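The structure appears below as structure tokens.
FYI, it's all coordinate maths here, none of it is from the lab. Predicted model only: the values in this text are computed from it and were never measured. No Cβ is skipped: glycine too gets one built from the backbone with ideal geometry, and neighbour counts run over all protein chains shown.
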Amino acid sequence: MKLEVKCAGKYTLAEPCGCLRMGEKSCPGTNKIK
Amino acid sequence: MNNTNLNTIFISRDVFSKLFRIDNKPPLCVVYRTISQIVAVLEGDSAEVWTRIFESNGQFDHALEYILNHGQFTSDPEIEAKQILIEFLDSLESQGIISSVSNLSSCSLTDSSGFDAGRSTERMINLFMADNHILFNLVIELTYRCNEHCIHCYCPSNRNRQELSTEILCELILEFESMGGFCLQLTGGELLIREDIKSLLNFLCNRGLVITINSNLNLLDDEHIDLLKKLAPRSLGCSIYSAKAELHDSVTRSPGSFDRSIRNIQKVREAGIPVVIKTLLMKHTVYGWEDVEALANRLDCYYQFDLNITAKNDGNRQPLDLRVRDEEIIKHLFTTRFKRLHQNDEPLEKSADDPKSTPICSAGAAGLSISPNGEIHPCIGLPIKLGRYPKDPIEKVWHNSPFFESWNKLRLIDIPMCKECQTVADCFRCPGAWFVENGDVMLPNDYTCFISKIAAKASLSHSLC
């Protein structure tokens, strides 16, 4: 049995909702700033 | 790591972990470590073993039992199982998921080194959740009431609407969790204005959710800070509109709000909580954006700007007059800050090869949004009513609403204006913004196209340099 971390990284705070489904640069809707 | 310290490991309170079991697929585990901004994915046996370590708070008995029951060994199973576990722990430690010491120091938010360049991990997570229709993200607008009165705010003019009670909100969060929910964003209005906010935060302290909070922090007290430390949120977003107090206060129409926000941002950072200073850029504040970025750097906060002023959720178009229309300053933004993010520090996601065949947007792909009175929307930016909580349980809406299937079929190529567009790859579209402005998710506003054309030019000119 080989146990390992499949993938990991430092995430950016710019994308709180992780809304990356469509291959977009970022999502202005979920990132909506008041 | 050696055998002598294979008794227990330290799992910091900012480590959050959730295991997802899908029929006929290996289990997948998502791990966040919020103070140091680490996200990780484990699969199969690795997910099973880690979950046993995490759920027993760093003890190894159940993990070793799993390895012994599922592994294949050549000589002494117990020694080999232990060795497998030690190597796994080394790998977890090297990725920053666990520590051999109880160190909960905050990392610098202005240090851009080491970011996951392709955002591959979070991308993988969100694709997994969307493909399996798991409600992974939830935004709750706790109230539309606010102590500030910002000139551009998208919240509806009538702020004193009915709000979900503490009990109903707790039930909602439990239902979200039971459906696979892991990432929860709390916003307003100003959520600290809710009389029960401390009870709610206290309830959330024990839930194991990755929390993001938006607040202007003006009403923050020491008890809030203690609760935030326990919550270990992914980030706390605070809007600062200008580095000049007077200009900021003229936007919020709340004298003294700049000083209160800055003072409390400092307190929150001292408590080790990641803070994002957010700036919605307006026609009269945009020229000071670099000063706000410098202020964020001085306060060791992450900085994020946005040009996307939208109509109010009730359709009122008054805020649109504040949009930045100066092409030169927008181009400057794109060729400096944005380009830096896009190409160096934190490369933003590139558009697909054929952007016109990509979905129109990801609303409802793996998340929902709840308004203060319980209306269920596919996204905070797309106020299409899918139901109303608690009359409509979110599980029922999530699995039965016809919205999701029809929305997922929409492609950019279906939008007449986008079909022939040459700058679609640089588009910052938000069908929600089009919906509140034009009443139609398929009718782009002129500002989206205006910005995209500048972005495209900036991109071209930069590559020619």
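Overview of values
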item: Chain B: DSSP helices with Cα axial extent of at least 24 Å and average Kyte-Doolittle hydropathy no lower than -0.5; result: B:77-94, B:446-464
item: Local electrostatic count, B:I86, Cβ distance below 12 Å [Lys/Arg +1, Asp/Glu -1]; result: -3
item: Per-residue [θ]222 nm for the protein assembly as shown (sum of -39500 (n - 2.57) over DSSP H runs n ≥ 4, rounded to 500); result: -10000 deg cm²/dmol
item: Integer Hz, Karplus 6.51/-1.76/1.60 couplings in order for segment B:21-30, x for Gly and Pro; result: 10, 10, 3, 6, 10, x, x, 10, 10, 9
item: Taking B:T143, B:T8, B:T448 and counting other C-beta atoms within 10 Å, the order from fewest to most; result: B:T8, B:T448, B:T143
item: Dimensionless Rg ratio for segment B:131-268, taking C-alpha atoms and the 2.2 N^0.38 Å reference; result: 1.09
item: Cut-off 14 Å between beta-carbons: net charge of the residues surrounding B:D446, Lys and Arg +1, Asp and Glu -1; result: +1
item: Ratio of Rg to Rh over the protein assembly as shown (Cα coordinates, Kirkwood Rh, two decimals); result: 0.97
item: Neighbour cut-off at most 16 other Cβ (10 Å), DSSP loop, trypsin sites (Lys or Arg not before Pro), segment B:387-465; result: B:K391
item: Number of partner chain Cβ atoms within 10 Å, mean per residue of B:206-219; result: 1
item: Net charge over other residues, Cβ less than 12 angstrom from the Cβ of B:Q72 (K, R count +1; D, E count -1); result: -1
item: P(r) histogram, all alpha-carbon pairs of segment B:248-302 included - 5 Å bins from 0, percent; result: 4, 18, 26, 27, 17, 6, 1
item: Average beta carbon contacts from partner chains per residue of B:422-430, 10 Å cutoff; result: 2
item: Over 20 Å (Cα to Cα) - which of B:K198/B:K267; B:K283/B:K453; A:K2/B:K82; B:K244/B:K457; A:K6/B:K229 fall in this group; result: B:K244/B:K457; A:K6/B:K229
item: Neighbour count of at most 10 Cβ within 10 Å plus DSSP loop: longest GluC sites (Glu not before Pro)-free window in chain B; result: B:196-419
item: More than 34 angstrom apart: percent of Cα pairs within chain B; result: 38 percent
item: Mean shadow area of segment B:385-439, taken as a quarter of the surface of its Cα convex hull (nm²); result: 5.0 nm²
item: At q = 0.10, 0.20 Å⁻¹, base-10 log of I(q)/I(0) for segment B:1-96 (Debye sum, equal scatterers on each alpha carbon); result: -0.26, -1.03
item: B:S120-B:N24 FRET efficiency (beta carbon distance; Förster radius 30 Å; 0.05 resolution); result: 0.80
